[in-house]
Amino acid sequence: MSSMVEIRWHGRGGQGAKTASLALADAAFESGKYVQGFPEYGPERMGAPITAYNRISDERTSLHSNIYEPDFVVVVDATLLDAVAVTSGLKKEGAIVINTKKSPEEVKPQLEGYQGKVYTIDASSIAEEELGNRSLSNTTMLGAVVAVSKCLPADKFLTDVKVSLEHKFASKPHVIEKNMKALERGMKEVKA
Amino acid sequence: MAAKSIRERLSGNEAIATAMKQVNPHVVAAYPITPSTEVVHYFAQYAADGEVDTEFVAVESEHSAMSACIGAQAAGARSATVTSACGLALMWELLYVASGHRLPVTLAVINRALSGPININNDHSDSMGARDSGWIQLYSENNQEAYDNYLMSLRIGEHKDVLLPVMTCQDGFITSHAIENIELLETADVQKFVGKYSPERHLIDGKPMSVGPYDTVMYYFEHQYQRAQAMNGAKKVILDVFKEFGELTGRKYDLFEQYKMEDAERAIVVLNSSAGTAKFVCDKLRAQGEKVGVLKLRVFRPFPMEEIAKALSHVKAVAVMDKADCFSAMGGPVFADVRSACYGLKDRPLMINFIYGLGGRDVTIENMEHVYASLSEVIKTGNTDNFYRHVGVRGV
């Protein structure tokens, strides 16, 4: 049971937090893990705060509740820091990863005294540079959380995501390289 | 001999769509409704892409979906549909028509709360309301059980000693939209397992017959008696099919699952996804030396009365969980049946009821801990006057 990693994603409707949680479940599955990837459905609309979850473990878990004490939290949209208690229940041995231009020190005052590690990454700018669209930051955030949590071996993760993208974008091969670049930059540029 | 297993990850909806594709029914008539919509999308795509031979009928309502399935099944076709919540409610009239005419239609229910007020999330008010419609009901903890139950549902319903429609239920969103690991069968093995559908008689078999004419006072009662007899006899067929499926897949199922029940003094009776959460909490308390167990119902219609009574006979106190209220002012539907099943026991366990998780209210570890703690209190006092309880509702 101690081998189980629980991750909670916070985003706004339309930003791809759910898609990223499913992509992480896919990659973890390819690594031979047991996975859960599921969204919490509230009022589904563009811009509304949404939550998605991952459980990754070596044995199948029978637990089917939401995650209240995550090991890691990913915040896809920093405007949520003032709207949602993103660090609620977050383990202090864990970490939070936030998409923002600010440094970890600069965002700490917004985290209600969270004692664990704080990581930031400017995923929206990376998305703009690599994919031409600031709102496609979820790929970069996926890379960042895998790097921070070390829940999957990095090399295998990159290969698995590439295979998955090749399948998904079979008719648009140019998209694959760009997404891989955005993902790798997420893994490298996330900072504590 | 065990069949080859394919390791996959699918949501509960994808699992049902995959099972339906592998079965390749003659007719699927369906109308989309959240959270079962995805299954209709996937299947319509399979039909459009020629991945199945199915006649896909894009009907204009669930009433028509069930009507089309009934007509097709009466004409000798294996027919199937999928729905949730108000969609199932709109089928209501036809549910009885399907079972009353002994037509083994299969229906995947993705459980969702009935309106009103409107809510798209999970509870069991839809299928629990349909529990007396003459359909066999199987419940599924996760995507794997949803897939397995669906494949077995055809064999159960179509068996000549049963000839009743079957609904396979799983929790909307909680399992229908959650990606989890799953082991699939190869399509050839599915085809072999479900076999060819060959009813003894049907509308277009060349020998003129009628289906659905007025059933007079002279005959109606006898037909109802026969329908009840079919349900009475279904248990044996269900066990045979479970056994055969277990030999094929290595996944052994029973009428219900007994989890750490051998020496349990306190037990939770529950069905669908929350059974998994109950098992998780059971493990946690067992590690602290507490004698707790979980009885997970899988077959709710027919209701395995004798077996449940036997399984609970040694338990001191039982909490029956209901994710639907039936507004009888005496607890939920599962509670009514479990308590009734235990009436004949010489030493009956103390028994209380919890209504939980309505309209998608998350069912937490703390909820299940509260239920087990309540059972300790009941054992201490021996008092069950306050048997009709709620967990997870604010202000109670």
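Brief remarks on what is shown
- Residue A:94, sole failed condition from (1) small (Gly, Ala, Ser); (2) farther than 21 Å from residue B:174 by Cβ; (3) within 14 Å of chain B (Cβ to nearest Cβ): (3)
- Among the criteria (1) surrounded by 22 or more Cβ atoms within 10 Å (Cβ to Cβ); (2) polar (S, T, N, Q); (3) not in a helix (DSSP H, G or I), the one residue B:119 does not fulfil is (1).
- Within this structure, residue B:232 passes the test of being touching a residue at least 24 places away in the same chain (Cβ under 8 Å) and surrounded by fewer than 18 Cβ atoms within 10 Å (Cβ to Cβ).
- The residue list B:329, B:373 contains one member that is surrounded by fewer than 16 Cβ atoms within 10 Å (Cβ to Cβ) and not in a helix (DSSP H, G or I), which is B:329.
- Qualifying position, being touching a strand residue (DSSP E or B) at 6+ places or on another chain (Cβ under 7 Å), modelled with pLDDT under 95 and part of a loop (DSSP other than H, G, I, E, B), among B:363, B:315, B:396: B:396
- Residue that is farthest from the other protein chains (Cβ to nearest Cβ) [pool: residues in the range B:156-174 that are out of contact with any Asp or Glu (no Cβ under 8 Å at 6 or more places or on another chain) and closer than 19 Å to residue B:251 by Cα]: B:156
- Test result for residue A:84, within 21 Å of residue A:164 (Cα to Cα) and of a type in the set (Val, Ile, Thr): no
- Qualifying residue in the range B:203-219 (condition: among the polar types (S, T, N, Q), assigned by TED's automatic domain parsing to the domain that holds residue B:99 and touching a residue at least 12 places away in the same chain (Cβ under 8 Å)): no
Let's see how each residue does on (1) more than 22 Å from residue B:172 (Cβ to Cβ); (2) of a type in the set (Phe, Trp, Tyr):
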position: A:9; (1), (2): no, yes
position: A:17; (1), (2): no, no
position: A:22; (1), (2): no, no
position: A:26; (1), (2): yes, no
position: A:34; (1), (2): yes, yes
position: A:49; (1), (2): no, no
position: A:53; (1), (2): no, yes
position: A:57; (1), (2): yes, no
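- Residues located in the range B:357-381, provided they are within 14 Å of chain A (Cβ to nearest Cβ) and over 25 Å from residue B:313 (Cβ atoms): B:357, B:359, B:360, B:361, B:362, B:363, B:364, B:365, B:366, B:367, B:369, B:370
- For residue B:284, the criteria (1) within 14 Å of chain A (Cβ to nearest Cβ); (2) within 18 Å of the chain's Cα centre (by Cα) hold in every case but one, which is (2).
- Of all the criteria given as (1) away from every other protein chain (no Cβ under 14 Å); (2) buried (at least 20 other Cβ atoms within 10 Å of the Cβ); (3) outside any helix (DSSP H, G or I), the one not satisfied by residue B:348 is (2).
- Search result, residues across the range A:5-45 that are more than 9 Å from chain B (Cβ to nearest Cβ), under 15 Å from residue A:138 (Cβ atoms) and among the aliphatic types (A, V, I, L, M): A:7, A:17, A:20, A:23, A:24, A:27
- Of the residues contained in the range A:58-79, none is found to be surrounded by fewer than 14 Cβ atoms within 10 Å (Cβ to Cβ), within 12 Å of another protein chain (Cβ to nearest Cβ) and of a type outside the set (D, E, K, R).
- From B:350, B:295, residue being modelled with pLDDT of 95 or more and under 30 Å from residue B:241 (Cβ atoms): B:295
The values are calculated or read from the model by the stated rules, or taken from the named source; none is laboratory data. Bear in mind that the values here come from a model prediction, so they are computed numbers and not experimental data. Every residue, glycine as well, gets a Cβ built from its backbone with ideal geometry; the counts of neighbours run over all protein chains shown.
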